[in-house]
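Have a look at the structure below before the remarks.
Since every read-out is calculated from the coordinates, none of them should be taken as a lab result. Predicted, not measured: the structure shown is a model, and the values here were computed from it. FYI the Cβ positions are ideal-geometry reconstructions off the backbone, even for glycines, and counts take in every protein chain you see.
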Amino acid sequence: MKAKLEYGGHEALLEAWARADDRLVLASIVGTRESVRAIHAALNGDRWAFLQPKGRLVRMPGARAIFEALPGASHAILYDPQTDPRFGRYLIGRSAKEVRDLLFLAIEHRTPLPLHRDWTPLLWTWAEERGYLEPLETSPGLVGYEVDAALYGAEGVNDLKATLEEHFEEAARAA
């Protein structure tokens, strides 16, 4: 059974999605123009929609949308503004590598540390080991994580700085 969203007699096929608890952070929906717009308005207005076949109530306050008309239907990408890597709260991609790259961009944007893209695996391991990453529930074909805001705070930045210094000191000793 395909996933779908239902609200007030409207329903739309849910092609792809990512969810943190009861909050959708990304949803790709297809249905009639009226249903797609009604579901977006409900979710954006902090009302609850029914996610089937999961049997869960979900919401999406503050959702932004990109609408596209299709022959006989309408398509919308609904997303939480925090999915933008500049904010770095939700990292969603089609592969683990893509999500690791998004984490690099988020840390690069949100911290004063000079970073190099080659350090992406080190940054990911550090964030994972420190408990800054929480997996999102996603539809097949997507990978997602919620990033603890503490990662970008002074303590997180200082810890990352110390980890990087330790890593490079060990590399220098080994050379």
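Data overview
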| quantity | calculated |
| --- | --- |
| Spacing of the two label points (7 Å from each Cα toward its C-beta) at Phe67 and Asp159, in nm | 4.4 |
| Area projected by the alpha carbon convex hull of the chain, averaged over all directions, nm² | 11.5 |
| Förster radius 25 Å - calculated FRET efficiency between Arg130 and Gln52 (Cβ-Cβ, nearest 0.05) | 0.10 |
| Gain upon complete extension [Glu169, Phe87; 0.36 nm per residue less C-alpha separation] | 26.4 nm |
| Cβ-based exposure ranking for Val157, Val58, in which fewest neighbours within 10 Å come first | Val157, Val58 |
| Built amide H within the under 5 Å cut-off of Val25, gap 5+ | Ala18, Arg19, Ala20 |
| For the range 84-174: relative contact order, % (alpha-carbon pairs under 8 angstrom, 6 or more apart) | 31 |
| Neighbour-count order for Trp126, Trp17, fewest beta carbons within 10 angstrom listed first | Trp126, Trp17 |
| The chain, relative contact order in percent, only Cα pairs under 8 angstrom and at least six apart counted | 18 |
| Computed log₁₀ I(q)/I(0) - Debye formula, equal Cα scatterers, no solvent, the range 4-82, q 0.21, 0.24 Å⁻¹ | -0.82, -1.10 |
